[in-house]
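All remarks here apply to the structure that follows.
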Amino acid sequence: MEVETLGRWAKKKGIALLGTGDFTHPTYYAELRTKLVPSDNGLFQLKKGDEGVRYILTAEVSNIYSHKGRVRRMHNLIFAPSFEVVEKINAKLGNLGKLSSDGRPIFGFAAKELVKMILDISEDCLIVPAHAWTPWFSIFGAHSGFDSIEECFEEMTPHIRAIETGLSSDPEMNWRLSSLDAITLISNSDAHSPHRLGREANGFDCELNYQEVVDVLRKKDRRKFLFTVEFFPEEGKYHYDGHRQCGVIFSPAETRSHQYFCPRCEKKLTVGVMHRVEELSDRPEGFVPKNAVPSIHLIPLEEIIAGGLGVRVGTKAVEAEYDRLVERGGSEFHILLDAAQDELTSFVLPRILEGIIRMRQGKVSIVPGHDGVYGKIDLFPEKKAANAPEGQLKLF
């Protein structure tokens with residue numbers, strides 16, 4: 001996950017702008033200073049081997065603290081305009097926690113204090129609550145979060161202009177809360193490994209510079225935010241409720257009918273994102289607010305290839321076919337989003353092409369994620385049914 005590899009994968013994916021991540025970590029920050037040079041207006045590029053990709057300085061920090069008699073745990077993203085500003089941020093945070101212990105350092109002060117601290121250093125910085133609905137570490141998390149942005153950030157609420165919806169929720173779910181109408185809903189990779197870059201992303205129509213991007217996120221010009229690229233939220237690790245040790249997956253209604261306890265071991269269930277959205281929503285499912293930014297749900301190309309070939313992601317066959325397709329098609333996003341079916345027919349294997357078309361039409365079969373387990377998405381469920389033993393066929 002160093003910047004050179006991120007740059008190569010961003011080019012494969014079709015990504016123009018990447019967050020660096022982890023600028024608070026001393027060793028990684030030293031790498032950033034060595035390997036990146038200023039590009040235009042607050043963005044950066046590789047000093048060697050420029051892939052045409054630009055970088056924006058970002059980090060994620062964890063705030064764990066007591067508020068009104070409860071322990072709150074949340075993660076926040078920080079966007080910064082320059083290395084000079086980052087040095088001041090790191091100096092300040094370094095006096096309050098151990099930056100070298102993790103890429104995402106932990107602090108014991110309130111989230112609103114983080115906002116004050118960062119904006120006192122530079123008003124050009126932006127703070128965004130990360131993966132806003134994750135049960136254990138987020139602003140709206142069922143187990144350690146808040147019921148509103150105002151409850152969390154209090155007098156600093158006007159400075160929170162965007163939230164990250166996370167892999168287990170999408171904008172459609174967030175539209176059910178009228179309190180989020182004035183908030184920009186962004187979707188980021190949360191990658192953890194290079195091949196997962198772009199599993200969620202944001203489409204902008206603006207100048208490629210720091211101030212323009214931050215202004216779009218602050219909702220100063222809605223027309224420049226075109227769309228978000230989304231996971232199918234059911235595939236996220238915390239979409240539904242459940243208990244992974246017992247293999248229990250529940251909808252919110254099923255959880256309520258079992259009084260929030262696992263029917264097998266009788267321990268408390270982990271309440272997921274869908275349940276939490278229903279708790280806080282004041283609008284029905286399917287509501288679309290005025291000027292809503294559209295979303296596009298995609299399945300990563302590697303997963304489509306694996307399904308088409310009948311093998312697992314990460315195999316040599318999938319890697320080879322992925323590289324071949326990206327070389328012919330220009331980038332993963334062009335193949336998944338933009339390329340016409342006639343264009344794809346000229347170089348995509350029929351079974352993989354069928355998977356791409358099914359994804360575009362939303363014809364997918366999904367077992368929802370729950371309690372830290374990714375959901376299972378399938379574009380070819382009939383193939384598994386055809387190969388199943390007789391008993392399983394009866395079940396289907």
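Dimensions of segment 1-127 from C-alpha coordinates, computed as largest minus smallest value along each principal axis and given longest first, are 51, 25, 22 Å. Protection proxy ranking of 259-269, 181-191, 83-93, by the mean of other Cβ atoms within 10 Å over each peptide's residues and highest first, is 181-191, 83-93, 259-269. Entry note, the chain: the mean residue ellipticity at 222 nm calculated from DSSP H runs of n ≥ 4, each adding -39500 (n - 2.57), is -9000 deg cm²/dmol after division by the residues and rounding to the nearest 500. By the beta-carbon count within 10 Å of each Cβ, the least crowded to most crowded order of Arg33, Arg161, fewest first, is Arg33, Arg161.
Here the Karplus curve 6.51 cos²θ - 1.76 cosθ + 1.60, taken at θ = phi - 60°, turns the phi angles of segment 321-327 into couplings of 5, 4, 4, 5, 5, 5, 5 Hz, with x standing for Gly and Pro.
For a 25 Å ceiling on Cα separation, which of these pairs sit above it: Lys47/Lys219; Lys13/Lys376; Lys12/Lys98; Lys11/Lys290; Lys13/Lys112?
Lys47/Lys219; Lys12/Lys98; Lys11/Lys290; Lys13/Lys112
Per the Debye formula on identical point scatterers at the alpha carbon atoms of the chain, with no solvent, log10 I(q)/I(0) at q = 0.06, 0.07, 0.13 Å⁻¹ is -0.25, -0.34, -1.19.
Set the Cα radius of gyration of segment 6-50 against 2.2 N^0.38 Å, with N its number of residues, and you get 1.16.
Of the residues Ser178, Ser82, Ser169, Ser331, the one with the fewest other Cβ atoms within 10 Å heads the list, and the complete ranking is Ser178, Ser82, Ser331, Ser169. Charging the Cβ of each Asp and Glu at -1 and of each Lys and Arg at +1, and nothing else, the dipole of the chain about its Cα centre rounds to 700 debye. Close amide H partners of Asn202, meaning residues 5 or more places away or on another chain with modelled amide H under 5 Å apart, are Val229.
In plain terms, the residue of Ser122, Ser100 with the fewest other Cβ atoms within 10 Å comes first and the most crowded comes last, giving Ser100, Ser122.
Around the amide H of Leu269, modelled in the peptide plane, lie the amide H atoms of Phe261, Cys262, all under 5 Å away and 5 or more residues distant in sequence or on another chain.
Annotation: amide H of Asp170 has no partner in the under-5 Å range at sequence separation 5 or more or interchain, hydrogens built in the peptide plane. For segment 173-179, putting each phi into the Karplus relation 6.51 cos²θ - 1.76 cosθ + 1.60 with θ = phi - 60° gives couplings of 5, 6, 5, 6, 10, 4, 5 Hz, in residue order, rounded to whole numbers and with x for Gly and Pro. On a per residue basis, the convex hull of the C-alpha atoms belonging to segment 3-235 measures out at 119 Å³. Couplings 3J(HN,Hα) for segment 371-376, derived from phi with the Karplus relation 6.51 cos²θ - 1.76 cosθ + 1.60 (θ = phi - 60°), are 6, x, 9, 4, x, 10 Hz, where x marks Gly and Pro.
Cross-link reach is defined here as a Cα-Cα straight distance under 20 Å, omitting same-chain residues fewer than 8 places apart; for Lys35 the aspartates and glutamates meeting it are Glu2, Glu4, Asp22, Asp50, Glu51, Glu84, Glu87.
Among DSSP beta bridges whose residues both lie in the chain, state the antiparallel percentage, nearest 5. Walk me through the numbers on the way to the answer.
Values: 32 of 44 bridges.
Close to 75 percent.
DSSP finds beta bridges in segment 3-235, and of those with both partners inside it, around 75 percent are antiparallel.
Readers should treat all values here as calculations from the given coordinates under stated rules, not as data from a laboratory. What you see is a predicted model, and the numbers here were worked out from it, not measured in a lab. Quick reminder, even Gly has a Cβ in these numbers, built from the backbone with ideal geometry, and neighbours come from all protein chains shown.
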